[in-house]
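Read through the structure below, which is laid out as structure tokens, and then see the notes.
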Amino acid sequence: MQGKVVAILESRIGAHLGELIAKRGGMPLLAPALAEVPDIDPEVLRALLRAGRAAPIKFAIFQTGVGTRALFQAADVLGLGAELATLLAAAIVVVRGPKPTGELNARRIRIDRRAQSPFTTDDVLDALADVDLTGVPVLVQRYGAENAGLRAALEARGAEVREIATYRWALPQDLSPLRQLLESLTEQGVDAVVFTSAVQVQHLFQVAALEGRADRIVGDLRRCLIASIGPVCTRALRQLGLEPDFEASPPKLGPLIAGLEALLGDGEPEPGPAAP
């Protein structure tokens, strides 16, 4: 990566990702593309637990670590942490990936089923493929936006879906780093762009539209190497007319950095090209 400018749109671990790139000789350009805003309505949480007393949850799906942690923290503040744990003890708990797994383990919540890598919505549904969901109450911990595909698939199988929002994704208050990135892309001052979530893609295009650059953002990005953390992110890129040069497999930082380093060094990334 020696001397190559690598744009990073990650917020929470953006600095860490930048350090990994800098250690390999790259020049990280940090442009956080989202903010995680707490969004738990105490009355909704109380109502969820009341409903759980009348008609106990049979399945509980946890999609993200930050959302899982926020849910338990909100329950603790309301003095309902023990009741939430009791509700989950009587349910079959399903996790989408390692981050919610870690949060549930910290709370000593039993995990019954795990989505397989790369932890997509389809993988979550596969973990429930052998289950009759007709009339079954299913709790879904939402991430920063509604997972409409998951809800629709569960409801199509007859499930009674009860969602709980824990946070929402928003644009950062300070958009100047994203504006700088857009300017650098136009001036061909960026060698690679790293996307670690689908919402980063959407937000970059949103800011491009706000800045009057909607007609050139695709062309500007096509002049760079584009690295995707996994299939969900890749799908978002393709929907906007971009094909990533590399998709990490499995969708973790290690393979992402290794593949990016190989590409910037004119090599071939070990995990291979983006999956169709």
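Here the range 4-44 is the region considered, the condition is being outside the structural domain of Ala192 (by TED's automatic domain parsing) and without any contact (Cβ under 8 Å) to a residue 60 or more places away in the chain, and the residue that is nearest to Ala198 (Cα to Cα) is Pro42. Taking the range 159-267 as the region of interest, the helices (runs of 4 or more DSSP H) fully inside it that hold 1 or more residues being in contact (Cβ under 8 Å) with a residue 60 or more places away in the chain are 176-186, 198-210, 231-239, 253-264.
One residue stands out in the range 84-120 among those that are among the polar types (S, T, N, Q) and touching a residue at least 12 places away in the same chain (Cβ under 8 Å): the one that is surrounded by the fewest Cβ atoms within 10 Å (Cβ to Cβ), namely Ser117. For the range 133-156, residues that are without any contact (Cβ under 8 Å) to a residue 24 or more places away in the chain and assigned to a loop (DSSP other than H, G, I, E, B) total 1.
The values are calculated or read from the model by the stated rules, or taken from the named source; none is laboratory data. Here the structure is a predicted model, which is why all the values come from computation and not from measurement. No Cβ is skipped: glycine too gets one built from the backbone with ideal geometry, and neighbour counts run over all protein chains shown.
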